[in-house]
Amino acid sequence: MQSAVKIKMSPNVDLSFSHVREWERTKHVHRLHPYLGKFIPQLVEVFLKNNFTKGQVILDPFAGSGTTLVEANVLGMPSIGNELSYFNCLITKIKTHNYDIIKLEREILDLLSKSKEFSRSMNHKPLSEIATKKTNYFTTSEYLNKWFAPRALKELIFYLNNIQNYEYQDVLRIILTRSARSARLVPHFELTRAEEPIPIKGEYYCYKHKRKCQPTIEALKFLNRYSYDTIKRIREFSKMRTNAPISIIQGDTRKFRLPAKDLNGNIIEMPKKGIDGIFTSPPYVGLIDYHDQHRYAYELLGIPMNGKEEIGARSNGYNHKAVDDYRKGMIESLKAIIPFLSEEAIVFIVANDRNKIYPEIAEKSGFKIVTKFDRSVTKKASRERNPYSESVFQMVKE
Ligand SMILES: C[S@@+](CC[C@H](N)C(=O)[O-])C[C@H]1O[C@@H](n2cnc3c(N)ncnc32)[C@H](O)[C@@H]1O
């Protein structure tokens with residue numbers, strides 16, 4: 001059925017957001033945990049504001065770290081996020097939860113203070129003693145033992161073991177994994193990469209700080225920094241948070257359906273008139289391994305990795321077969337979603353369509369592309385700053 005299409009934005013609008021400063025790009029909860037492949041929130045905001053109204057239901061079928069859900073909430077739009085990775089769901093969950101801030105602060109600072117005490121107890125101990133297995137704070141994980149200095153790992157495991165004593169456990173888990181990410185034996189300028197083949201053991205020239213740096217031996221300074229930062233960011237977001245509900249579904253988008261259970265076990269019903277709109281950036285062929293980039297988190301928290309079910313995973317390469325599998329995966333995903341959209345639904349898909357396969361993906365899954373916005377992107381977070389262009393495809397049901 002043909003939809004009445006309202007194109008409210010000129011396709012020539014400047015979507016580079018090059019004028020938006022780093023602190024604005026990473027405002028409030030958007031920087032609660034690093035995540036490679038995240039939206040700039042201003043992009044989401046512009047499209048939601050110009051195409052939807054308060055109360056309309058927005059879906060992000062590849063929700064990642066939850067940028068669309070956060071921005072939809074600020075605008076009073078109920079939202080549903082679907083995401084394959086348990087860890088990404090956890091990041092989204094802690095960004096979007098409605099907290100008792102006083103209690104949250106008390107819990108975060110209490111565990112931090114216990115961690116400081118524990119860390120002090122290791123002072124003046126010889127390294128050989130810290131590294132010994134005969135303490136409560138060791139792990140058999142080869143990965144963790146390889147990627148962390150002995151003292152850092154003990155501090156992280158102490159923190160982990162104590163999380164069970166608090167109510168806001170997921171926030172503490174995210175402070176832990178964010179600290180672990182920074183405490184890995186990885187050069188500072190490579191932190192945004194998934195993994196280096198060999199952990200660094202000695203002094204190295206740091207391209208980020210433009211001086212010689214030492215590998216990190218402790219995790220406490222990060223636990224301290226991110227504890228305060230988390231409180232500050234959640235408090236900031238709580239001032240603009242609306243009551244619009246946010247639901248997170250963990251699962252493969254190719255099998256998307258409603259009603260479904262959200263992360264808390266609550267049933268999410270199909271909205272009466274269907275979902276009003278989508279704003280999403282799916283994975284793309286051979287670019288990022290979304291699970292591997294947070295391997296330290298899966299190892300520490302002991303959560304299952306579903307990397308094999310990722311569409312377009314980097315580890316599957318960028319050959320003919322990979323592109324073909326990607327095409328099929330995206331068609332399957334969009335076909336799975338279409339029955340839950342309202343007749344007037346507007347779908348925005350952000351993709352770096354190097355292979356020019358989106359017109360075919362749209363057509364074969366029952367959509368029609370009505371506008372294509374182009375935007376130039378400069379990566380600010382890594383050493384690879386080559387600018388590239390990505391498209392925002394606006395689609396409606398065919
Ligand atoms: C480009 S990222 C989305 C980032 C998001 N826009 C944000 O701002 O955080 C794509 C996401 O799709 C997820 N993904 C990959 N294959 C999937 C599948 N089969 N089902 C659901 N999600 C999948 C990845 O785990 C990743 O988090």
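Summed over the stretch 256-296, the residues that are in a helix (DSSP H, G or I) and within 13 Å of the ligand (Cβ to nearest atom) give a count of 3.
Of the helices (runs of 4 or more DSSP H) lying entirely inside the stretch 94-153, the ones with 3 or more residues being in contact (Cβ under 8 Å) with a residue 12 or more places away in the chain and under 33 Å from the mean Cα position of the chain (by Cα) are found at 101-120, 142-147.
If the condition is being among the hydroxyl-bearing types (Ser, Thr, Tyr) and in contact with a Leu (Cβ under 9 Å, 6 or more places away or on another chain), then the stretch 227-248 contributes SER227, TYR228, THR230, THR242, SER247.
I'm checking my understanding of the structure. Among residues of the stretch 233-243 that are in a loop (DSSP other than H, G, I, E, B) and surrounded by fewer than 19 Cβ atoms within 10 Å (Cβ to Cβ), which one is farthest from the ligand (Cβ to nearest atom)? Even if it seems obvious, please write down each step before you answer.
Quick first cut of the stretch 233-243, residues in a loop (DSSP other than H, G, I, E, B) only: 241-243.
In the following step, the residues that additionally are surrounded by fewer than 19 Cβ atoms within 10 Å (Cβ to Cβ) were identified as 242-243.
Numbers: THR242: 19, ASN243: 23 Å.
Filtering the stretch 233-243 for residues that are in a loop (DSSP other than H, G, I, E, B) and surrounded by fewer than 19 Cβ atoms within 10 Å (Cβ to Cβ), the one farthest from the ligand (Cβ to nearest atom) comes out as ASN243.
To keep it simple, each residue is scored yes or no on (1) farther than 24 Å from LYS116 by Cα; (2) without any contact (Cβ under 8 Å) to a residue 24 or more places away in the chain.
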site	(1), (2)
LEU220	no, no
ILE249	yes, no
GLY265	yes, yes
GLY277	yes, no
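Candidates are the residues of the stretch 52-100 that are of a type in the set (D, E, K, R) and farther than 18 Å from MET240 by Cβ; the one that is nearest to the ligand (Cβ to nearest atom) is GLU83. Taken as a whole, the condition of being charged (D, E, K, R), crowded, with 21+ Cβ neighbours inside 10 Å and in a helix (DSSP H, G or I) applies to ARG178.
So which of ARG211, ARG193, ARG184 ends up being over 28 Å from VAL29 (Cα atoms) and modelled with pLDDT under 95? Give the steps one after another, and end with the answer.
Values: ARG193 fails: over 28 Å from VAL29 (Cα atoms); ARG184 fails: over 28 Å from VAL29 (Cα atoms).
Only one candidate qualifies: ARG211.
Taken over the stretch 217-256, the criterion of being under 21 Å from the mean Cα position of the chain (by Cα) and aliphatic (A, V, I, L, M) is satisfied by LEU223, ILE231, ILE234, MET240, ALA244, ILE246, ILE248, ILE249. Please tell me if SER333 is assigned to a helix (DSSP H, G or I), in contact (Cβ under 8 Å) with a residue 12 or more places away in the chain, hydroxyl-bearing (Ser, Thr, Tyr) and under 27 Å from VAL57 (Cα atoms). Considered against the rule, which asks whether it is assigned to a helix (DSSP H, G or I), in contact (Cβ under 8 Å) with a residue 12 or more places away in the chain, hydroxyl-bearing (Ser, Thr, Tyr) and under 27 Å from VAL57 (Cα atoms), SER333 comes out as yes. Applying the set (1) in contact with a helix residue (DSSP H, G or I) (Cβ under 6 Å, 6 or more places away or on another chain); (2) without any contact (Cβ under 8 Å) to a residue 60 or more places away in the chain; (3) among the acidic types (Asp, Glu) to ASP325 leaves exactly one unmet item: (1).
Can you confirm whether the stretch 106-123 contains a residue that is surrounded by 24 or more Cβ atoms within 10 Å (Cβ to Cβ) and either under 19 Å from LYS239 (Cβ atoms) or of a type in the set (A, V, I, L, M) (or both)?
There is no residue in the stretch 106-123 that is surrounded by 24 or more Cβ atoms within 10 Å (Cβ to Cβ) and either under 19 Å from LYS239 (Cβ atoms) or of a type in the set (A, V, I, L, M) (or both).
Only one residue in TYR159, TYR207 is touching a residue at least 24 places away in the same chain (Cβ under 8 Å) and closer than 30 Å to ILE101 by Cα, so which one is that?
Values: TYR207 fails: closer than 30 Å to ILE101 by Cα.
Every option except TYR159 fails the conditions.
The values are calculated or read from the model by the stated rules, or taken from the named source; none is laboratory data. Not measured: the values here are computed from a predicted model. Don't worry about glycine lacking a Cβ; one is built from the backbone with ideal geometry, like all the others, and counts go over all protein chains shown.
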